[in-house]
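The values are calculated or read from the model by the stated rules, or taken from the named source; none is laboratory data. Just so you know, these numbers come straight off a predicted model, no measurement behind them. Glycine also receives a Cβ, built like all others from the backbone with ideal geometry; neighbour counts cover every protein chain displayed. Surface accessibility is based on the protein's heavy atoms, side chains included, excluding ligands, DNA and RNA. Shrake-Rupley method; radii C 1.70, N 1.55, O 1.52, S 1.80 Å.
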Amino acid sequence: MGQVTIKKRVVGIDISLEATTYAIVDVKGDVVAMDSFPTMDYPEINQFISALSDHLINMVEENGGYESIRSVGISAPSANFMTGSIVNAPNLPWKGVIQLGALLRDRIGYAVAVANDADVRALGEHAYGLAKGMRDFVVVTMGTGLGSSIFSNGMIHKGTDGFAGEIGHTCIVNNGRQCTCGNKGCLEAYVATRGIIATAKELMEQSSAPSLMRDVENLTPKLITEFCEQGDELAIEVYRKTGELLGMGLANYASVVDPEAIIFTGGISRAGKWLFEPAKEVFDRCVFHNTSGKIKFLVSEDDRAANDVLGASVLAWEVREYSLFK
C-alpha cells in the first residue's frame with residue numbers, strides 16, 4: 001500500500017479595493033509568508049490575474065515549493081461561493097461577472113475557492129477570533145462598502161443563489177441617497193465611507209458651527225474619528241446620525257436572524273464609541289423585545305489583512321483538493 005502525503009499548507013488571498021494580500025498558511029493557522037500589492041494597479045482583470053499568479057508562484061517557490069500547497073481560498077467583495085465568481089462588484093474596477101476561481105485555477109493549477117469577503121471574515125472569526133465556539137452570529141464589514149455574513153447553526157447561510165447577507169443593500173431611507181448598486185436609500189449609502197463623508201458635508205452645509213472638518217480637503221472617517229476625540233461637536237454629530245441608522249438597520253436584521261453577537265470589522269469599526277454607543281442605543285430600543293439587551297456588539301481587534309487571509313485559508317481547506325502537480 002502506497003504512502004499518502006497529506007499537504008499541510010494552503011494559500012489565502014484577500015482582495016480589497018486598496019490592496020490584494022496573499023499568504024501561505026499552515027494547518028495550525030500560522031502564517032508562513034505574507035505579502036501584498038495594490039489592487040488598483042491592475043484595472044483590467046487579465047492583468048490582475050497575471051500579476052497575482054506571478055506573486056503567488058514566487059512566494060510558493062521560496063517557501064516549500066508547489067508540492068507543499070493543497071489549495072487556494074480567495075476573499076473578495078461581491079463574490080459568490082457557489083459560482084466562484086465576483087458578480088457586479090460596485091466598488092472594484094472589474095465589472096460584470098468575473099470568473100475569478102476558474103481564471104486563477106487555470107493559471108496556477110490548484111483548486112481555488114472564492115467567497116464574499118464578509119463570509120470569509122466570518123470563517124476567520126469562527127476559527128481563530130471572537131466567534132470561536134459560537135454557532136449563531138453575524139459579521140458586519142464596514143469600509144468602502146457594507147457587507148455581512150450570517151453564521152447560522154454552525155454554518156454560513158448562503159441563500160438560494162449565494163447572495164444572503166447583503167445588509168448594505170437593504171433600504172433604510174425611502175427614495176434616499178443614490179447607492180453605487182443602482183438603488184436609492186441603501187444602508188451602505190449612509191454608513192459606509194462615502195455615506196459618512198456625505199453626512200459630514202451635509203451637516204457642514206446646514207450649520208455654521210465651527211469644526212475641524214471644515215479645514216480638511218480630503219475628509220475620511222478616520223479623520224472624523226480623530227476630530228471626535230478632540231471634542232469636535234459637529235464630527236460627533238456625524239457619527240451620532242450614522243450610528244442611529246446603523247442601529248436601526250441592524251435591529252431589523254437581528255429581529256429576523258436572532259444572533260448571539262454582531263461582530264464588526266473594517267476600518268470604520270475603529271470609530272469606537274462615537275459610532276457604536278448611538279447604534280447600540282437605537283438597536284436595543286428597536287430590536288424584537290425578547291432579544292433586547294441580549295445580543296452583543298463586538299469589534300474585531302485583529303489585524304485586518306492577517307485575519308482575512310486566515311479566513312481565506314479556512315475556505316481553502318474546505319475545497320476538494322485538486323492539483324496539476326500531484
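In the condition set (1) farther than 19 Å from PRO90 by Cα; (2) surrounded by fewer than 21 Cβ atoms within 10 Å (Cβ to Cβ); (3) among the hydrophobic types (A, V, I, L, M, F, W, C), PHE151 is compliant with all but (2). Restricted to the stretch 94-112, and to residues there that are outside any strand (DSSP E or B) and among the hydrophobic types (A, V, I, L, M, F, W, C), the residue that is most open to solvent (accessible area, probe 1.4 Å) is LEU103. Once the stretch 278-293 is narrowed to residues that are at pLDDT 95 or above and among the β-branched types (Val, Ile, Thr), the residue that is surrounded by the fewest Cβ atoms within 10 Å (Cβ to Cβ) is VAL282.
Restricting attention to the stretch 39-85, the residues that are touching a residue at least 60 places away in the same chain (Cβ under 8 Å) and under 22 Å from the mean Cα position of the chain (by Cα) total 11. One residue stands out among those in the stretch 233-277 that are of a type in the set (S, T, N, Q) and open to solvent by less than 10 Å² (accessible area, probe 1.4 Å): the one that is nearest to the chain's Cα centre (by Cα), which is THR265. Residues of the stretch 167-206 that are open to solvent by less than 70 Å² (accessible area, probe 1.4 Å) and in a loop (DSSP other than H, G, I, E, B): THR170, ILE172, VAL173, GLY176, ARG177, CYS179, THR180, CYS181, GLY182, GLY185, LEU187, ALA192.
Listed here are the strands (runs of 3 or more DSSP E) enclosed by the stretch 1-93 that have at least 1 residues being more than 21 Å from VAL319 (Cβ to Cβ): 19-26, 31-38. Here VAL140 fulfils each of the conditions (1) open to solvent by 20 Å² or more (accessible area, probe 1.4 Å); (2) under 19 Å from VAL120 (Cα atoms); (3) modelled with pLDDT of 95 or more; (4) not charged (D, E, K, R) apart from (1). So ALA131 clears everything in (1) outside any loop (DSSP other than H, G, I, E, B); (2) aliphatic (A, V, I, L, M); (3) surrounded by 21 or more Cβ atoms within 10 Å (Cβ to Cβ); (4) over 14 Å from the mean Cα position of the chain (by Cα) except one condition, right? Which one? So ALA131 meets the others, but not (1).
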